[in-house]
1. For the structure I just gave you, tell me whether E87 is in contact (Cβ under 8 Å) with a residue 12 or more places away in the chain and out of contact with any Phe, Trp or Tyr (no Cβ under 9 Å at 6 or more places or on another chain).
2. Go through segment 119-171 and give me each residue that's part of a loop (DSSP other than H, G, I, E, B) and under 16 Å from T100 (Cα atoms).
3. Touching a residue at least 60 places away in the same chain (Cβ under 8 Å), in a strand (DSSP E or B) and basic (K, R) - does that describe any residue in segment 30-44?
4. List every residue pair whose Cβ atoms sit under 9 Å apart, with the two residues 6 or more apart in sequence or on different chains, where the first one lies in segment 259-273 and is in the same structural domain as T32 (by TED's automatic domain parsing) and the second, anywhere, is loosely packed, with under 13 Cβ neighbours inside 10 Å and assigned to a loop (DSSP other than H, G, I, E, B).
5. Out of all the residues in segment 119-154, which are in contact with a Gly (Cβ under 9 Å, 6 or more places away or on another chain) and free of Cβ contacts under 8 Å to residues at least 40 places away in the same chain?
6. Looking at segment 223-274, which of its residues are β-branched (V, I, T) and surrounded by fewer than 14 Cβ atoms within 10 Å (Cβ to Cβ)?
7. Being under 20 Å from L200 (Cα atoms) and among the aromatic types (F, W, Y) is the filter; apply it to segment 31-58 and report the residue that is farthest from the chain's Cα centre (by Cα).
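The values are calculated or read from the model by the stated rules, or taken from the named source; none is laboratory data. Please read all numbers here as calculations on a predicted model, not as lab measurements. No Cβ is skipped: glycine too gets one built from the backbone with ideal geometry, and neighbour counts run over all protein chains shown.
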Amino acid sequence: MRLGSACFSLALLLGGMAAQAAPQAAGQPDLTAVKADFVPGEKVIFYDDFTDMTGDEPPPHWKVRGGAVTLKVGGGVRQLTATDRTELTPNLKGIPKNFTLETEVKFDNPGDLRSVWSFHPKDGGEEGLYVWTQTHGTGLVVHLKTLHDEIGEAEPEPDFSKPIKMALWVQNGRVRFYVNGQRVVDANQVDLPPLDTAMLLAELYGDNSAIGYRMVRLAESTPDFSQVISSTGRYVTHGILFDTDSDRIKTESAAVIKSIARGLETNPTLKLRIDGHTDATGAAEHNLDLSKRRAEAVKAVLVAQFHVAADRLTASGLGAGKPVDSNDTPQGRAQNRRVEFVKQ
């Protein structure tokens with residue numbers, strides 16, 4: 001055999017061995033190319049996806065004032081829908097200093113629709129944080145302010161035919177706001193009083209308009225991956241998301257996975273077990289298989305896209321076998337759907 005042929009055969013052999021050794025991230029989005037830095041908080045303060053609401057009852061986790069709200073269900077959609085001016089106050093008391101707020105909102109016939117969050121201190125005064133989003137034609141006005149400080153303003157142009165994902169991140173005096181993963185406001189040295197309550201205001205001007213809320217999640221921010229894994233040996237995240245009943249990772253998971261990859265890069269001796277967990281909805285056997293495939297998908301992405309050595313990671317699925325909260329409420333089920341990284 002000629003030398004060139006021998007080298008070519010050896011390369012094929014080594015390539016085949018590498019393919020067997022490292023999982024392939026087949027069917028996964030390229031998370032390295034996603035320009036996202038939002039990391040959702042981990043300790044959930046409030047969560048609702050309206051899965052325990054019936055069509056003819058008010059939302060059980062909100063106080064409603066003003067217009068009526070209805071539950072819209074169908075075509076894979078489940079949302080709390082407002083068609084008139086309505087004040088919605090979530091059943092929560094006490095907001096941490098550092099927190100994230102995520103909402104998924106659908107604007108129908110968006111001529112002039114307004115969805116406004118206001119956060120207030122315990123005395124209920126006007127001092128606090130106001131997050132104003134208003135549609136105008138093809139665009140969205142985002143306006144953040146306090147009583148004495150204009151924090152920031154932006155005019156992104158999202159696709160109103162789809163629900164819009166909006167996120168607020170308050171961290172050590174820095175306030176950021178995201179629309180569909182894009183950071184549109186970023187301000188620092190924002191002085192906020194201790195916040196205690198929140199209210200969501202829906203205002204609608206125009207015929208056949210509606211604002212639909214599909215998910216609301218407020219959570220306390222936590223230290224980054226490297227700090228947590230070194231101090232506790234376990235990092236729990238609800239920020240790695242998957243398509244429904246699938247192991248395909250959503251692109252909004254990129255920031256969390258990138259932080260884990262950075263932690264592995266800076267600590268080359270660190271080895272991790274990746275545990276997938278589901279809630280108890282559906283058959284136990286199916287949930288166990290789904291959790292395994294999701295854990296394997298996270299490992300595959302870390303190996304194939306972020307070049308982490310495969311022998312530093314193992315993956316396992318536990319289904320709904322180790323809940324951290326009740327499976328009887330939307331918030332409890334959201335807490336149970338998680339990925340954990342355990343130091344080995």
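1. Numbers: in contact (Cβ under 8 Å) with a residue 12 or more places away in the chain: yes; out of contact with any Phe, Trp or Tyr (no Cβ under 9 Å at 6 or more places or on another chain): yes.
Answer is yes for this residue.
2. Within segment 119-171, the first condition is being part of a loop (DSSP other than H, G, I, E, B), and the residues that meet it are 121-128, 137-138, 146-149, 155-163.
Hit for segment 119-171 is G128, nothing else.
3. Yes, segment 30-44 contains a residue that is touching a residue at least 60 places away in the same chain (Cβ under 8 Å), in a strand (DSSP E or B) and basic (K, R).
4. Hits for this filter: A261/H307; E265/H307; L270/Q344; K271/Q344; L272/Q344; R273/Q344.
5. Taking segment 119-154 first, the residues in contact with a Gly (Cβ under 9 Å, 6 or more places away or on another chain) are 119-122, 135-137, 142-147.
The answer is T135, H136, G137, H143, K145, L147.
6. Applying the first criterion (β-branched (V, I, T)) to segment 223-274 yields 228-229, 232, 236-237, 240, 244, 249, 251, 256-257, 260, 266, 269, 274.
Once the filter is applied, which keeps residues that are β-branched (V, I, T) and surrounded by fewer than 14 Cβ atoms within 10 Å (Cβ to Cβ), segment 223-274 yields T232, T244, T266, T269.
7. F50
So that you can scan it fast, the table gives a plain yes or no per residue for (1) under 21 Å from L241 (Cα atoms); (2) out of contact with any His (no Cβ under 6 Å at 6 or more places or on another chain); (3) at pLDDT 95 or above; (4) part of a loop (DSSP other than H, G, I, E, B):
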| site | (1), (2), (3), (4) |
| --- | --- |
| F46 | yes, yes, yes, no |
| T51 | yes, yes, no, yes |
| G55 | no, yes, no, yes |
| K72 | no, yes, no, no |
| E87 | no, yes, yes, no |
| G94 | no, yes, no, yes |
| T100 | yes, yes, yes, no |
